[in-house]
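A short write-up of the structure that comes next.
What follows is calculated from the coordinates using simple rules that are stated; it is not laboratory data. Just so you know, these numbers come straight off a predicted model, no measurement behind them. So basically every Cβ, Gly included, is an ideal-geometry build from the backbone, and we count neighbours across all protein chains shown.
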Amino acid sequence: LRLKTGRRTEYEIYWEILSFCKPGRTFTQIVGRCDLNSKIAQEYIEFLSSKGYLAKVPEGERNLYKTTVGAGEFMSLFTKIYQELFDNSPEFKL
Amino acid sequence: MAEKIAIKFGRELNSFFSLTVINVVFSGMAMGISLSFAIVNALAVVDMVMKGTIFTFSSVIAMWPPSQVFLAFLGIVAAGLSMKWMISSAEILSEIDEIKQDYADESGKLDSDGLTSLIVKTIAYYRGKKKAIKRLGLFSRIGGICFLANAALAINGALTPSAGFGAIGLALVLTSILLNIAIGIAGIIIPHFFSKYSATWEYRLNESAKAEQDFKKMVEGA
């Protein structure tokens, strides 16, 4: 699932990066999957790392970014709220 | 819970996809019919000019309504509006098709994160397409009114005592009137469903905006 940038809130982008990085991802993979340019992606990664939500893990010759246990609370809240706002609203039908 | 929401998401997605496809079909039909209508009437005007039966100011006024000039003009306006209607419809269709494909790819293995990602993507889609959906409603309504006006003119023309049609002519005129009425009604009804879609997603957008305060507190307090 790829997302277009410019239409998402910062929290939606945080969640998307954290969700994608659960198994550990390279910077290039994050840029590609989350449709971010390098500069913006770097800013997001630095912010999430500073909050302890993302950790840099060396693997061979490359570095992987991996979501930490500390991000769990934010991710659970985000998932709960977004699923509820969809579930609690009236369904669009033809 | 995620499974129940995923089913609801799929149903909504199919409804909206069907609506956009219907919309593209009707706008395409509208454009084709209005272009042919404009060309037929423009050719009739050219013919009258060649024969010298119009082109003085007074004779144009005397032919009103409905003169061939007016009908050609109406056809051109309707074609322009239909083109705008079709472009807006195609814009809306392109990305919803991507989301539908993503949903189909994940079908049967959609987990909680996958579902949330689809919801985020659809909210982002709605944020980006809000204006296009409003524009679409406007062009669709104006286009619908043009087609209903055209049907009214065609009915008026068919009912004049001088209009002598054979059986085939009458069938063609009736077909044209019915097509115009169908497209006119579609042009007016379709925006109603887009408004329903907008109301649904506007609610979700507002709820997500309210939730930002909670996210902010959590992230900035980390």
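Which of the lysines could a cross-linker span from A:Lys22 if the Cα-Cα distance has to be under 26 Å and same-chain partners fewer than 8 positions apart are dropped?
Partners found: A:Lys4, A:Lys39, A:Lys51, A:Lys56, A:Lys66, A:Lys80, B:Lys4, B:Lys100, B:Lys109, B:Lys121, B:Lys216, B:Lys217.
Relative contact order, percent, of chain B when contacts are C-alpha pairs under 8 Å separated by at least 6 residues?
Here the relative contact order equals 25 percent.
If the cut-off is 17 Å between C-alpha atoms, which aspartates and glutamates fall inside it for B:Lys131, apart from same-chain ones fewer than 8 positions away?
Within the straight-line cut-off, B:Lys131 pairs with B:Glu91, B:Glu95, B:Glu202.
For an R0 of 41 angstrom, estimate the FRET efficiency from the Cβ-Cβ distance between B:Arg11 and B:Ala171 and round to the nearest 0.05.
Step by step, r from the Cβ atoms, then E = 0.50.
Before rounding to the nearest 500, sum -39500 (n - 2.57) across all DSSP H runs of length at least 4 in chain B and divide by the residue total; then give [θ] at 222 nm in deg cm²/dmol. Each step should come with its number before you reach the end.
Numbers: 5 runs with 197 residues, N = 222.
One gets -33000 deg cm²/dmol as the mean residue ellipticity at 222 nm.
For the protein assembly as shown, state the semi-axes of the equivalent ellipsoid (square roots of 5 times the eigenvalues of the alpha-carbon gyration tensor), sorted largest first and rounded to whole angstrom.
Equivalent-ellipsoid dimensions as semi-axes: 56, 19, 16 Å.
If each Cα of chain B is one equal point scatterer, what is log10 of I(q)/I(0) from the Debye formula at q = 0.10 Å⁻¹?
Results for chain B at q = 0.10 Å⁻¹ read -0.61.
Filter the chymotrypsin sites (Phe, Trp or Tyr not before Pro) in the stretch B:134-222 down to the DSSP loop ones having no more than 14 other Cβ atoms within 10 Å, then list what survives.
For chymotrypsin sites (Phe, Trp or Tyr not before Pro) across the stretch B:134-222 that sit outside H, G, I, E and B with at most 14 neighbouring Cβ atoms in 10 Å, the list reads B:Phe165.
Semi-axes of the equivalent ellipsoid of the stretch B:60-188: what are they in whole Å, largest first, if each equals the square root of 5 times a C-alpha gyration tensor eigenvalue? Walk me through the numbers on the way to the answer.
On the way: eigenvalues 401, 57, 17 Å².
Largest first, the stretch B:60-188 gives 45, 17, 9 Å.
Can you give me the long-range amide H partners of A:Leu54? Hydrogens built in the peptide plane at 1.01 Å from N, cutoff under 5 Å, separation of 5 or more residues or another chain.
When sequence neighbours closer than 5 places are left aside, the close amide H contacts are A:Ser49, A:Thr68.
Taking Cα pairs under 8 Å and at least six residues apart, what relative contact order does chain A come out at, in percent?
29
Counting just the Cα atoms, what span does chain A cover along each of its three principal axes? Round to the nearest Å and put the largest first.
Computed over the Cα atoms, the extents are 53, 26, 20 Å.
For all pairs of alpha-carbon atoms in the stretch B:151-222, what percent lies in each bin of width 10 Å, listed from the first bin to the last filled one?
Per 10 Å bin, starting at 0, the Cα pair percentages come out as 16, 23, 15, 13, 11, 10, 7, 4, 1.
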